[in-house]
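> Here you go, one structure.
The values are calculated or read from the model by the stated rules, or taken from the named source; none is laboratory data. All of these numbers come straight from a predicted model, not from anything done at the bench. Backbone-built Cβ (ideal geometry, glycine too); neighbour counts: all protein chains shown.
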Amino acid sequence: MDSISETLSRRGLIAGLAACAAAPAFAADNSAVPPAPAIAPEAPAASPAPAQAAVPLLPTPATPNGKPWDRAAFEAAMAASGRPVTLADDQFNAIQARKPAAMKLIAQYLTERLGKPDPLVLAAFEALPREYYHYNYQEHRSTCGDAYDQPPKPWALGYGSALSDYLGQAYMTQVIAPKPGDVSLEIGTGSGFQSSLLSRIVDHAYSIEIIEPLGNAVKKIFAPLGYDNVTTKVGDGYYGWPEVQGGFDVIIVTCAAQYAPPALFQQLKPGGRMIIPIGQPFKQGQVFYVYHKDAAGKIHSRRDMGCFFIPMTGTMMKVPADQAQANPA
């Protein structure tokens, strides 16, 4: 196990953290955050959203081709997703042996932060094989040996992106409280883990990735696990996904925005919830903001914990908040 960790992943951590600091750093912060503008610039035209697929109401385990999740299933799924990797039985078993301790840590963390863990969130984490998502797409190599490392930390995906640590992902997921029947939107697909996590709870999970080579590669990873209720696209998450009729019950943004994009408020359903890190790129002082749209369509917000994410790029980098307010859609 130590050999695979060293050969498959340590360089990934160094490269990833040199390129981006993507893991939430949960520390209280009191710096000022720019307000969200009320109106966005006009969104570019996009293709219609695909039809939604029916899924079970509770998380289900990963069973590619109806088989248990073992080494053979792992290798088959990796190959089917265009990321072939070969492990010995003892290497695969060592990875699996670390998962219970990681699950215990997630439960403890959610209890400390939020009072108790949401059973749906824990079940979704239990269902996902995190080692499947540990992959550097730029260097074409797996970092599966470090999927359940403690303490958890971010890992490089290549192209300046990173897989966030599992405690941060658990926290953000529970804060927005996804439920069976919901439709979710993620801004920043990254590894695909977060959208897969949501897909084990909600009816359909949509996700947008702005980095084209990463987005095109990651869109291939869901089918080998049988996750047919995840839809991704390459695009600018600033504009959300307006073609999805009816909008979204939950929205999770996994990159730091300088302000909350107005299109996301427009696409949030009444009763919907959104979490987004807001702050300046690559600087301390980023803070989670949690938004709720009430039945009348009014937006309520609360300031949450401090965090640190790679920046939202694209339109966010070009349109400051004051100009966004001055240019109606």
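> Condition test on residue 176, is it closer than 21 Å to residue 204 by Cβ and touching a Gly at 6+ places or on another chain (Cβ under 6 Å)?
Against the criterion (closer than 21 Å to residue 204 by Cβ and touching a Gly at 6+ places or on another chain (Cβ under 6 Å)), residue 176 does not qualify.
> Suppose we keep only residues that are touching a strand residue (DSSP E or B) at 6+ places or on another chain (Cβ under 8 Å) and of a type in the set (A, V, I, L, M, F, W, C) within segment 263-285. Which one would you say is modelled with the lowest pLDDT?
Ranking the qualifying residues of segment 263-285, first place goes to 282.
> Looking at segment 246-265, which of its residues are within 19 Å of residue 165 (Cα to Cα) and assigned to a loop (DSSP other than H, G, I, E, B)?
Within segment 246-265, 254, 255 meet the criteria.
> If the requirement is being touching a Phe, Trp or Tyr at 6+ places or on another chain (Cβ under 7 Å), surrounded by fewer than 23 Cβ atoms within 10 Å (Cβ to Cβ) and closer than 20 Å to residue 253 by Cα, which of these qualifies: 114, 167?
Just a single option satisfies the conditions, and that option is 167.
Here's the yes/no breakdown for (1) in contact with a helix residue (DSSP H, G or I) (Cβ under 7 Å, 6 or more places away or on another chain); (2) assigned to a strand (DSSP E or B):
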position: 215; (1), (2): no, no
position: 238; (1), (2): yes, no
position: 244; (1), (2): no, no
position: 277; (1), (2): no, yes
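> Kindly list, by first and then second residue, each pair from a residue in segment 88-116 that is of a type in the set (S, T, N, Q) to a residue that is surrounded by fewer than 17 Cβ atoms within 10 Å (Cβ to Cβ), limited to pairs with Cβ atoms under 8 Å and residues at least 6 apart or on different chains.
Between residues of segment 88-116 that are of a type in the set (S, T, N, Q) and residues that are surrounded by fewer than 17 Cβ atoms within 10 Å (Cβ to Cβ), the close pairs are 91/1.
> Filter segment 218-242 down to the residues that are surrounded by fewer than 23 Cβ atoms within 10 Å (Cβ to Cβ) and among the aliphatic types (A, V, I, L, M) and list them by number.
223, 234
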